[in-house]
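Bear in mind these aren't lab numbers, they're just calculated from the coordinates by the rules spelled out. Since the structure is predicted, the reported quantities are computational estimates derived from the model, not experimental observations. For neighbour counting, all protein chains shown are included, and Cβ atoms are generated from backbone atoms with ideal geometry for every residue, glycine included.
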Amino acid sequence: MVDKLVDFQRAGDEPLCGAEAVRRQYQEDWEGHKHVVVTVRRIFESELSTAVEIHVDGGPPSIVQYSGVVVHDWNKGGRLTKYRLYVDEMLPSLESGSD
């Protein structure tokens, strides 16, 4: 589903160019996690673009948790040509009473 020349940008990361770079990044990101749950909250479509509001909860070993919006642009052949992730990162709660 990813165009070989995809323009792929996640919040806070360097842009990735090309399907192989995207595949490698996802493998590195999630290979050690025992579970990842992505909840889709809303989907907005307009011709060849889609915006999806999501919540991601993954772990262990690390606790990955954030909400955000992913914007996808598609070509007429159905391949992803541009990807943007905008996040509102949520940090794990600190123990209460540790002033």
Give the range of the longest stretch in the chain that excludes all trypsin sites (Lys or Arg not before Pro) found in loop regions by DSSP and having at most 16 other beta-carbon atoms within 10 Å.
35-75
Residue-averaged [θ]222 nm for the chain, counting only DSSP H segments that reach four residues, each worth -39500 (n - 2.57):
-4000 deg cm²/dmol
Degrees, to the nearest 10: 19-30 long Cα axis against longest axis of the chain
10
Compare HIS33, HIS55, HIS72 in a GNM of the chain, Cα atoms joined below 10 Å, and give the one with the largest fluctuation.
HIS33
Using 0.36 nm per residue, how much length does the chain from LYS4 to VAL71 gain when fully extended, once their Cα-Cα distance is taken away?
22.3 nm
Sequence-separation-based contact order of the chain, relative, with Cα cut under 8 Å and 6+ spacing, percent:
26
Under a no-solvent Debye model with one identical scatterer per Cα of the chain, what's log10 I(q)/I(0) at q = 0.17, 0.22, 0.23 Å⁻¹?
-0.87, -1.29, -1.35
